[in-house]
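Worksheet: one structure, shown below.
Please treat every number below as a calculation from the coordinates, not as lab data. Computed from a predicted model, the values in this text were never measured in an experiment. In this analysis, Cβ positions are derived from the backbone assuming ideal geometry, glycine residues included, and neighbour counts consider all displayed protein chains.
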Amino acid sequence: MKLSIVMPCFNESATLEVALERVLAADVLGMELEVVVVDDGSTDDSVTIAERIATHDCRVRVLRQGRNRGKGAALRSGFAAATGNILMVQDADLEYSPTDYPHLLEPIVAGRADVVYGTRFKGGSNTRVLYFWHSVGNKILTLLSNMMTNLNLTDMECCYKIFRRTALEQITIHEDRFGFEPEITAHIASIRPRLRIYEVGISYAGRTYEEGKKITWKDGFRAIYCIIRYNLFR
C-alpha cells in the first residue's frame, strides 16, 4: 500500500519544516510514503521551505495554488495529485502529532476500515488546554452533523482524516475553506453500501490566535450551512 499525506499550507513558515520532518520520520506501518504539500498562496517563506525539503527528499512534492483559496480547495488539488491508494490529511502546523499515525492507520492496514477519523476528545495521550467556547462550538457542530448523518462521531472537525482512495473517488468536494470538514462527513455518510468508519483518539497541542490559528467564528456559521446543505440537498 502507498500512503499519500496531503498537507495544505498557508503562511506556515514558522512550523512547516518541523512538521515535515516529523511526518517524514513517522511510522507508517511499512507503507510507501508520499507527502503532497499544497501551498495555498502563502506570502511568507513556506514555498521556499517546502521546495528545499523536496529537493533533498523525493517523497515530498510541492503544489502551488497561486492565490489563497482555502483549506478545502488545497485538499481538492492535493487529493487529485496524490498517487497513493490511502490518503490522509495533515495540517502544516504543530497541533497534530505524526506519532499518532500507527494508531490511526492500523484499522485501514488491517482491512477493517474504509475511513478513519481522529478525535481529540477520547483516548489521546495529552491535550493542550485552550478555548472553552471553541470546544463547545465543536461539540455542537459534531452533534448537528451526527443528527443529519446518523453517525456517532465525537470530533467531526478533527484534521486527521484517512480515506481509502476507492471511498474518496466517490466524492466531489465543493467547499473551499473549513466547510470541507462537515461536507466530507456528509458525503462519506451517504455512500452506499455504507462505509466502515472508525474513530481513533489522538493527542492535540492546539495553538492560540497569536500563534497562528486561522479558523474563526465565521467558519462555524459556514459549518452549520454545510451540515444542512450537504445532508439535505445533495
Correct option for Cα Rg over 2.2 N^0.38 Å [calculated from the coordinates] among (i) 0.94; (ii) 1.08; (iii) 1.27: (i)
Sequence of GLU12, GLU21, GLU183 once ranked by neighbouring C-beta atoms within 10 Å, starting from the fewest: GLU21, GLU183, GLU12
Unit Cα scatterers, Debye sum, the range 44-161: log10 I(q)/I(0) for q = 0.18, 0.20, 0.22 Å⁻¹: -1.24, -1.39, -1.47
CYS226, CYS159, CYS58 arranged by Cβ crowding within 10 Å, fewest neighbours leading: CYS58, CYS159, CYS226
Fewest-first sequence of ASP40, ASP155, ASP27 by Cβ atoms within 10 Å of each Cβ: ASP27, ASP155, ASP40
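Let me have the 222 nm mean residue ellipticity of the chain computed from DSSP H runs of 4+ only, each contributing -39500 (n - 2.57), with the sum over all residues rounded to the nearest 500.
The helix-only estimate for the chain comes to -11500 deg cm²/dmol at 222 nm.
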